[in-house]
Number of protein chains: 2
Amino acid sequence: MREIGEREVEWIAEGAAVLGTGGGGNTYLAGLDLRRLLRQGARVRVVQAEELPDDAFGPVLSGMGAPTVGIERLPVAGRFGALVRATGRALGRDPAFVAIGEVGGANALRPLSGAAESGLPVVDADPMGRAFPELQMDTYMIAGVPPRPLLLNDGKGVEARLEGVPDPWTAERYARALTWAMGGNAGVVVGVVTAAQVRAYGIPGTLSLAQEIGRAMERARAGKRPTLDAVLEAVPGGVRLFEGKVVDVSRRTAAGFARGHVVIDGLGAWRGERLRIEFQNEYLVARREEDGAALVAVPDLLVLIEEESGRALGSEMVRYGLRLHVLALPAPWELKTPAALRVVGPSAFGYDVDVAPLPGDLLGRAAPAAVGAAG
Amino acid sequence: MREIGEREVEWIAEGAAVLGTGGGGNTYLAGLDLRRLLRQGARVRVVQAEELPDDAFGPVLSGMGAPTVGIERLPVAGRFGALVRATGRALGRDPAFVAIGEVGGANALRPLSGAAESGLPVVDADPMGRAFPELQMDTYMIAGVPPRPLLLNDGKGVEARLEGVPDPWTAERYARALTWAMGGNAGVVVGVVTAAQVRAYGIPGTLSLAQEIGRAMERARAGKRPTLDAVLEAVPGGVRLFEGKVVDVSRRTAAGFARGHVVIDGLGAWRGERLRIEFQNEYLVARREEDGAALVAVPDLLVLIEEESGRALGSEMVRYGLRLHVLALPAPWELKTPAALRVVGPSAFGYDVDVAPLPGDLLGRAAPAAVGAAG
């Protein structure tokens, strides 16, 4: 158990923007909300799943919507604490912790607001190790944890509770439609997990990883070193993929998502080349513009670091003329099993690309024996 | 208190199709579901609001969606009874009756299925006296009854409960989005009403009116008389507006509605003229095609009677070449107050038409002193 203060919030915000791989929501506004809570005396405690009894349970919390909408709507005070309480009402038993639904972008911070508002600890793990655009792209769901209860909060006083949702695809469809009607932005609980399930199916230590990445970036900035070097030191399997200037951005916010692509004209070692990155909230595939060949694809992480600020850039903020560095980080092992790849691999997004996942693991763990073995 | 059998169900189905003014859902399938319940021994009792204690309350039940979808999805057994029970759970008190949310089309029958499945009586009144496309177009809502709780059932095991919905427009937006995600068709509870509220704000006797219209049509058919004459006898203020053959139908099912128009080429007394009827689930405005002049508009009822079958035709069934009679029936007084016209008049649908409502009342009641007086 450790406690998080304002500095840690800044680090987590910066690191979560990296893990957000373009999505998960803008961390600036979510960080403000959390810092306000801390200044008012609220406490945020972080626990490891191992510290909790097997049958302790918690709601899986996140924000849903298109990041293009998230930057236009301020965070609503109390929304995530209300969802924690609504979980207790729905189940007739009080949760013992808050689980992170997505460690990328603002969604790394929102469960911390929920924890601060409810007085419960937050568990240092999540089911993505990054951000993904759809609810079923989640190792808890892939393992068969049911998306029940499914709760949404519109931030204006309406709480929706859906009972009997049979599977995560239905949860995604219903929650997406309602989120869109709610103005494109909602707080959600997608089921509950026990501490035993977090240990069995979650990706451990991802909140700490976000904090570690953010802290390394801050140190690099203080030492006048490029922040991207700090990211690559914090995630040893990561690689520099490209560097250049944005020459084309196409972005459309529709049906609950921001979709589009970015084209980057190479500079430095990449002069004369062009990279095209396609996104659905998150950056999904990087291709050589020349022949369309895919270089990196989901579930591996594509990170755009803006040259001037040294910060990771969300898909809602990319614009013509920006100078960017593109990093690729290896997905955690949990996303590279055959069962996971069916849900989070390129084909799940409709891409027919044949690209090998980056070797290595987001958290630097040794390869488990099972990966690539079973069908 | 009276009890309804299979014959009454047939009459109500036929009369409700007239009051549906093109929408409210196809009565054939909903009638089948109700007849099945009756054959299994279920009972449907109809009470007048006056027979109930002031503070007895009931859920306002209806089906939501586009009628073009309703004819493609069979009614789901038990859906409306489940919504009655869900109302009890949401409020912590059991309802004493079932209220009809919309007496037009299949929505006249669905609350009867809910009553049969729950053993509660259904009240002979509704807040429309017809069908309307949107939730806020409802005299209970216009009078300020809150749309709480808002419950939806997808017919496949999912129940959604929305708490804290502030107003009927928000209810319409959220319920429409969820209905659409549910496949375009859902059972809904839009708030509860007490018997006192039914008496004060409801339109009384509309279920009986549907039954009376249907019975008169059946008698006319047996006597080889046109059914449209029977409708005009049952609703004294009604008029024959047009007769002809459909030469153009445009229909699009999108964003939760079936929208479009029908153009009818005149026959008989209307030879050489053309009538254009615009619809959003329900027929909304009838215009002279020649100059676009509006002849009849909401809230008055436009009824299309098919020549061959003598039956009222839903907007999902109109097709090229059909011979039709067009009737216009006066809306009930409750829909012609200034407050109601703001919500259900032509301007609420975006029409800038200046057409006086038909004189008279759907139920043949004398004009109340208040109509047209207050602003």
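Assorted remarks:
- Crossing angle, helix A:27-39 versus chain A [Cα axis fit, 0-90 degrees, rounded to tens]: 40 degrees
- GluC sites (Glu not before Pro) restricted to DSSP loop in region B:243-286 with at most 16 other C-beta within 10 Å: B:Glu273
- The Cα atoms of region B:2-206 give a gyration tensor whose axes a ≥ b ≥ c have a/c under 1.5, which makes the shape rounded.
- Stokes-Einstein translational diffusion, region B:1-108 - Kirkwood Rh over all Cα pairs, 1.567 mPa s, 4 °C, in µm²/s: 88 µm²/s
- Label-point spacing for B:Arg7 across the identical copies (point 7 Å from Cα in the Cβ direction), in nm and ascending order: 8.7.
- Top positive-direction residue, dipole computed over the protein assembly as shown with Cβ charges, set A:Ala160, A:Val298, A:Gly214: A:Ala160
- Under the criterion of Cα pairs below 8 Å and six or more residues apart, the relative contact order for chain B equals 19 percent.
- Taking one quarter of the surface of the convex hull spanned by the alpha-carbon atoms of region A:239-349 gives a direction-averaged projected area of 7.2 nm².
- Over 51 Å [Cα-Cα, the protein assembly as shown], rounded percent: 27 percent
- Mean ellipticity per residue at 222 nm, deg cm²/dmol - from DSSP H runs of n ≥ 4 across chain A, formula -39500 (n - 2.57): -8500 deg cm²/dmol
- Position B:Gly321, label points 7 Å along Cα→Cβ, spacing to each other copy in nm (shortest first, one decimal): 6.2
- Solution diffusion estimate, µm²/s, Stokes-Einstein, region B:120-224, Kirkwood Rh from C-alpha pairs, 37 °C, viscosity 0.692 mPa s: 213 µm²/s
- Net dipole in debye of region B:2-206 [+1 Lys, Arg Cβ; -1 Asp, Glu Cβ; about Cα centre; nearest 20]: 500 debye
- Partner lysines for B:Lys224 [C-alpha distance under 24 Å; skip if fewer than 8 residues away on the same chain]: B:Lys245
- The H on the amide N of B:Val44, modeled in the peptide plane, is under 5 Å from the matching H of B:Ile4, each at least 5 residues off or on a different chain.
- ³J(HN,Hα), Karplus 6.51/-1.76/1.60, whole Hz, each residue of region A:273-286, x for Gly, Pro: 10, 10, 10, 10, 10, 9, 9, 10, 6, 8, 6, 10, 9, 10
- For the protein assembly as shown, size of Cβ-based charge dipole, Lys and Arg +1, Asp and Glu -1, in debye: 180 debye
- Taking other C-beta atoms within 10 angstrom as a stand-in for reagent exposure, A:Asp291, A:Asp265 fall in the order A:Asp291, A:Asp265, fewest first.
- Here the Karplus curve 6.51 cos²θ - 1.76 cosθ + 1.60, taken at θ = phi - 60°, turns the phi angles of region B:153-162 into couplings of 10, 8, x, 10, x, 9, 10, 10, 10, 10 Hz, with x standing for Gly and Pro.
- When you filter the trypsin sites (Lys or Arg not before Pro) in region A:19-51 for DSSP loop state and at most 16 other Cβ atoms inside 10 Å of their Cβ, you are left with A:Arg43.
- Gyration tensor (alpha-carbon) shape descriptor, region A:83-152, a/c threshold 1.5: oblate
- Cut-off under 5 Å, modelled amide H: who pairs with B:Val247 long-range: B:Val263, B:Ile264, B:Asp265, B:Gly321
- Whole-Hz Karplus values for region A:333-350 come out as 3, 4, 8, 10, 6, x, 4, 6, 4, 5, 9, 10, x, x, 5, 5, 9, x Hz, taken residue by residue from phi with 6.51 cos²θ - 1.76 cosθ + 1.60 and θ = phi - 60°; glycine and proline positions read x.
- Cα gyration tensor, region A:200-284 - rounded (a/c under 1.5), prolate or oblate: oblate
- Principal semi-axes of the equivalent ellipsoid, √(5λ) from the alpha carbon gyration tensor of chain B, are 30, 22, 21 Å from largest down.
- For A:Asp229, label point 7 Å along C-beta direction: distances to other copies, nm: 9.8
- Cleavage-rule hits, trypsin sites (Lys or Arg not before Pro), region A:131-206, DSSP coil, Cβ neighbours within 10 Å at most 15: A:Lys156
Laboratory data are not the source of any read-out in this text; all were calculated from the coordinates shown. Quick caveat, the model's predicted, so the values are computed rather than measured. Positions of Cβ are backbone-derived with ideal geometry, glycine not excepted, and every protein chain shown enters the neighbour counts.
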